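What follows is a short report on a single structure.
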Amino acid sequence: MTAPTDRYVLRPVKSAADWSAYHAIRRHAIFAPLLPGQAYDESDPDEHRPGRLAHVLLHDGEVVGTVRIDLIDERQAGLRLIGIRQDLQRRGHGAVLLALAERAAHAFGRTDIVINAHPTSLKFYLANGYAEGDWRDASPVPAGLIRVGKRLRREKPQPEANASV
């Protein structure tokens, strides 16, 4: 079930409450179930490097998901640690988050998207137009993950009220 996208906003992390929700979702929806041997570090310096843009997905004003948009080069963006709150998964929020993150990356002038997918998420990305392959990224594919990518249409995206960059 997918809710109408006008009930969603993808926006940069702004407040302490946003950061708290951002880290909680990543910790509980990604690291605990999918990367149990890897500690989650809220103060990882990579999180605040230039071109690393933390975003939250709001649905009806409530934070339900996270993504970090990495501006890799002039053409390419990486979508990192895409996560939806565990209690809200499998309700269409992930597909909306992915579409809005692509739109935001496109608004930054990027036409190629790369994701390092967990094997349990691969089917989701393939169903949303991503393909496995030799997609370039700033670093090698992390162990246990699968690199997927997607080329966005080249025309300039139309501004939308629900995609805040």
Original post:
Which ones in the stretch 77-118 are surrounded by 20 or more Cβ atoms within 10 Å (Cβ to Cβ), small (Gly, Ala, Ser) and either touching a Gly at 6+ places or on another chain (Cβ under 8 Å) or within 20 Å of VAL9 (Cβ to Cβ) (or both)?
Top reply: ALA77, GLY83, GLY94, ALA101, ALA104, ALA105
Subject >> Residues of the stretch 121-155 satisfying the condition of being in contact (Cβ under 8 Å) with a residue 60 or more places away in the chain and of a type in the set (Asp, Glu) >> reply: ASP137
**OP:** Under 6 Å between Cβ atoms, at least 6 apart or on separate chains: pull out the pairs that start in the stretch 12-31 with a residue that is touching a residue at least 60 places away in the same chain (Cβ under 8 Å) and end on any residue that is outside any helix (DSSP H, G or I) and of a type in the set (Val, Ile, Thr).
**Re:** ILE25/THR66
**OP:** Kindly indicate which of ASP60, ASP70, ASP6 is among the charged types (D, E, K, R), in contact (Cβ under 8 Å) with a residue 12 or more places away in the chain and surrounded by 19 or more Cβ atoms within 10 Å (Cβ to Cβ).
**Re:** ASP70
**OP:** Considering (1) more than 19 Å from TYR8 (Cβ to Cβ); (2) touching a helix residue (DSSP H, G or I) at 6+ places or on another chain (Cβ under 6 Å); (3) of a type in the set (D, E, K, R), say which one GLU74 fails and leave the rest.
**Re:** (2)
Subject >> Filtered residue count, the stretch 146-163, keeping only those that are among the hydrophobic types (A, V, I, L, M, F, W, C), modelled with pLDDT under 65 and not in a strand (DSSP E or B) >> reply: 1
Original post:
In the list VAL9, VAL114, which residue meets the criterion of being farther than 20 Å from GLY144 by Cβ and of a type in the set (A, V, I, L, M, F, W, C)?
Top reply: VAL9
Subject >> Long-range neighbours under 6 Å by Cβ, at least six apart or interchain, first residue over 19 Å from TRP135 (Cβ atoms) within the stretch 84-111, second at pLDDT 95 or above and assigned to a helix (DSSP H, G or I) >> reply: ILE84/HIS93; ILE84/GLY94; ARG85/ILE25; GLN86/HIS28; GLN86/ALA29
Original post:
For the stretch 34-45, does any single residue satisfy the condition of being touching a residue at least 12 places away in the same chain (Cβ under 8 Å), under 14 Å from the mean Cα position of the chain (by Cα) and surrounded by 15 or more Cβ atoms within 10 Å (Cβ to Cβ)?
Top reply: no
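The values are calculated or read from the model by the stated rules, or taken from the named source; none is laboratory data. Since this is a predicted model, take the numbers as computed values, not measurements. With ideal geometry, Cβ positions are generated from the backbone for all residues, glycine too; neighbour counts draw on all protein chains shown.
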